[in-house]
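The values are calculated or read from the model by the stated rules, or taken from the named source; none is laboratory data. Source: prediction; values computed, not measured. Positions of Cβ are backbone-derived with ideal geometry, glycine not excepted, and every protein chain shown enters the neighbour counts. Each accessible area value is taken on the protein alone, full model and side chains, heavy atoms only, with ligands, DNA and RNA left out. Shrake-Rupley method; radii C 1.70, N 1.55, O 1.52, S 1.80 Å.
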Amino acid sequence: MKKTLLATAMLASSLSLMAAQKPMTAPQGGKQISDELIGIFFEDISSAADGGLNANLVQNGSFEYNNTIRDDWGPGTKWKFMRPGHSAGYLQARMDNTIHPNNPTYMRIHAERIGHYKDFAGWNGVGMQNEGYNGMNVKAGAKYDFSAFFRTSGAKQMRIVLLTPEKGWGKEGGDILADTTLTVDGAWKKYEATLTSAKDSKEAVLRILLINEGEVDVDMVSLMPQDTYHGHGIRKDLAEALEGLHPRFMRFPGGCVVHGGGDGFWNTYHWKNTVGPKEQRKALKNTWGYGQSMEIGYFEYFQLCEDMKMEPLPILPCGVSCQGVNGGWGMWPEQAQKAWPMDDMERWAQDALDLIEWANGDVNTKWGKVRAEAGHPKPFNLKYLGIGNEEKITPEFAERFKYIYNKVRKAYPNIVIVGTAGPGSHKGNPDYEAGWKLAEEIGLDIIDEHYYDPRNMFLEGKQYDSYPRDRKTKVYLGEYSVQDKAHGQMNQFGDALAEALYLMRVERNGDVVTMSSYAPLFAYKHNTNWNPDMIYFDNERPYFTCSYYVQQMFGESAGQYYYGDCVKIDGYDDKYLGQSVVLNVKTRELFVKVANYTDAPVNATVDLSRFKGIKPKMEKTILQGDLDAENNYDKHPVSPKKETVKALKKGQITIPEHAFVMYKYTL
């Protein structure tokens with residue numbers, strides 16, 4: 001009897017919860033808008049992947065750094081030769097009989113003599129040491145999975161040591177944090193071990209020592225924290241920073257890294273080189289001037305989207321190279337555009353078709369099988385596909401874009417295709433005008449607009465108010481942020497507040513603009529290519545800019561209906577003052593957002609009478625600061641403050657100066 005009563009109570013509770021979460025009907029007066037309006041754009045710029053989102057602590061673990069990336073780089077870059085205890089030997093980079101043609105370089109350790117006393121790191125030997133990305137940040141008690149491929153003839157002992165750096169002249173090493181010994185023998189084989197750090201260290205190093213005389217070949221060295229985001233090799237704190245933005249989609253892998261900028265397209269990003277076993281992936285020179293290991297590739301991007309419940313938006317190259325590198329947008333005026341020959345464009349189109357099969361095909365298809373063998377038998381259910389990234393809309397580009405577009409449209413009519421409006425999406429820009437003309441000619445689903453402008457341009461920008469409502473083609477605002485040299489090209493609160501005002505206008509035009517993503521997303525403290533960025537980070541933690549918090553508030557408040565007449569602001573001028581009311585019928589939440597850029601408080605009248613069933617309490621979030629305030633590594637003056645207050649259904653509110661305020665109601 002008791003079990004029956006308990007089951008009945010549990011069922012009633014479950015039904016009550018389901019009823020509370022049942023979608024509601026939107027009241028009259030609202031405009032239906034996209035609920036995928038706020039997303040993220042990930043590009044491997046400023047070491048956002050290796051040294052960032054990639055949790056592997058080893059740098060150049062595949063020994064593929066070379067002088068085509070940087071003049072002073074080679075296979076041994078970021079490695080240090082070690083021969084503690086008067087041992088003798090040397091390292092030799094080799095390219096014969098490799099693991100895979102895509103991974104052509106490895107390192108051979110020659111041990112000619114092993115010394116006869118212990119150093120400060122333990123046993124003697126000959127080998128190498130890696131400091132990662134300006135030191136490896138490890139935590140006491142945390143476990144780290146070491147792996148590497150070894151090859152040797154005859155059994156050899158390899159000692160793997162995690163330790164603090166050398167302490168001074170005449171000392172071979174610091175304190176041992178963890179160590180283990182592996183016996184290796186025979187042809188190329190992956191060996192693994194788990195290291196548990198004895199204490200915290202912000203600058204640990206990894207040492208690999210051959211402790212017998214002879215030779216051992218080494219490749220694909222990795223030291224991966226066991227505690228990664230969903231266990232998928234993504235640095236946890238950075239992924240959680242993204243999760244905090246409540247993104248609805250992620251565009252990847254770029255950006256300018258997509259099409260590359262070299263003669264012969266040698267550093268164009270090809271997704272097929274990034275989805276197999278990591279030892280078979282092809283490292284690439286990054287357009288931003290450093291190496292990409294491809295340890296984070298399309299498989300990891302799609303997996304991250306699934307883990308974070310985002311729609312994946314992959315961007316594929318379309319047979320033209322990036323005009324924004326190696327001299328700028330006007331470097332080839334006589335050629336108009338470097339382009340792949342049209343009689344060989346089938347390979348580019350087939351790459352697009354194969355990607356869709358890889359993402360959505362069952363395990364019996366050619367590329368669906370590749371996905372399944374990587375550990376994901378279920379389809380990823382790809383919805384969006386981008387072709388090209390902010391190319392100049394030349395005849396060469398248009399011809400190649402249409403070739404791929406038509407192939408994909410015929411084979412997969414339900415895939416939503418995203419094109420480009422070129423660099424600098426403003427009226428009067430010839431690429432913008434030509435991009436829209438091409439979009440309307442072919443009936444493109446979505447066009448990707450990009451612009452980085454001074455603060456005042458965002459304060460004044462109202463262009464989407466005048467966009468025709470009868471266009472088939474919708475807008476994806478794929479790259480934008482305030483870039484203001486007058487304010488030191490850094491992210492000040494005034495910039496973020498201008499972006500908040502602008503996003504309110506984007507929301508009121510959410511029937512035209514279906515997606516948006518701030519750029520750039522990440523920047524590593526020790527290798528920043530571009531300023532400002534949304535999230536800065538070092539080896540210890542991320543640092544949130546003022547713009548991060550604005551994006552977070554808009555991501556949290558996404559919905560399906562916009563109401564423009566529920567808030568009336570005294571002295572409303574739509575430049576320094578803004579408001580937006582958004583209803584999420586799925587979660588039964590109502591968001592009222594008001595921004596005040598002026599130097600004095602302003603009053604506003606709120607009337608939410610049309611929304612029935614408002615709960616008595618609401619959450620108030622306020623983001624406020626001096627216009628020139630800046631969050632950085634050393635100080636963090638601006639962050640949101642939350643409190644629970646009585647819900648105001650009708651009445652007056654006061655918005656402080658230099659503030660962005662959001663009220664979250666539950667219905």
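Brief remarks follow.
- Rounded to 10°, Cα long-axis angle of helix 430-442 versus longest principal axis of the chain: 80 degrees
- In Hz, Karplus ³J(HN,Hα) per residue of segment 651-656 (6.51, -1.76, 1.60; θ = phi - 60°; x = Gly, Pro): x, 10, 10, 10, 9, x
- Distant-in-sequence amide H partners of residue 420 (H built 1.01 Å from N, under 5 Å): 448
- Chymotrypsin sites (Phe, Trp or Tyr not before Pro) within segment 154-252, DSSP loop, no more than 11 other Cβ atoms inside 10 Å: 169
- Proximal lysines relative to residue 617, as straight alpha-carbon distance under 23 Å, when same-chain residues fewer than 8 apart are discounted: 22, 568, 586, 593, 641, 642, 646, 649, 650, 664
- Multiplying the residue separation of residue 25 and residue 80 by 0.36 nm and removing their Cα-Cα distance gives an extension gain of 13.3 nm.
- Net charge dipole size for segment 230-310 [Lys, Arg +1 and Asp, Glu -1 on Cβ; Debye, nearest 20]: 180 debye
- The Cα atoms of segment 209-298 give a gyration tensor whose axes a ≥ b ≥ c have a/c of 1.5 or more with a/b no greater than b/c, which makes the shape oblate.
- Checking the Cα-Cα distances for 285/369; 338/462; 383/474; 156/285 against a 25 Å cut-off, the pairs over it are 285/369; 338/462; 156/285.
- In the chain, the longest principal axis of the Cα atoms and the axis of helix 546-556 are about 70 degrees apart.
- Dipole in debye (nearest 20) - segment 311-465, about Cα centre, beta carbon charges: Lys, Arg +1; Asp, Glu -1: 400 debye
- By the Cα gyration tensor, segment 397-463 has an equivalent ellipsoid whose semi-axes, rounded to whole angstrom, run 27, 12, 9 from largest to smallest.
- Hz values of 3J(HN,Hα) by residue in segment 143-152 - Karplus curve (6.51, -1.76, 1.60), Gly and Pro given as x: 9, 10, 8, 8, 8, 6, 8, 10, 9, 7
- The chain: angle of helix 298-307 to the longest principal axis, Cα-based, in degrees nearest 10: 50 degrees
- Candidates per GluC sites (Glu not before Pro) in segment 173-239, loop by DSSP, up to 16 other Cβ within 10 Å: 213
- The chain, accessible area per residue, ligands and nucleic acids excluded (1.4 Å, Å²): 40 Å²
- Note, ³J(HN,Hα) from phi for segment 347-357, Karplus 6.51, -1.76, 1.60, rounded to Hz, x at Gly and Pro: 5, 6, 5, 5, 4, 5, 5, 5, 4, 5, 5
- Chymotrypsin sites (Phe, Trp or Tyr not before Pro) restricted to segment 585-625 and DSSP loop, no more than 15 other C-beta within 10 Å: none
- Kirkwood Rh (inverse of mean 1/r, distinct Cα pairs), the chain, angstrom: 27.3 Å
- Carbon and sulfur %, accessible surface of the chain computed with the full protein complex present, 1.4 Å: 51 percent
- Using equal-weight Cα scatterers in the Debye expression, the normalised intensity of segment 124-232 in log10 at q = 0.12, 0.22 Å⁻¹ is -0.41, -1.22.
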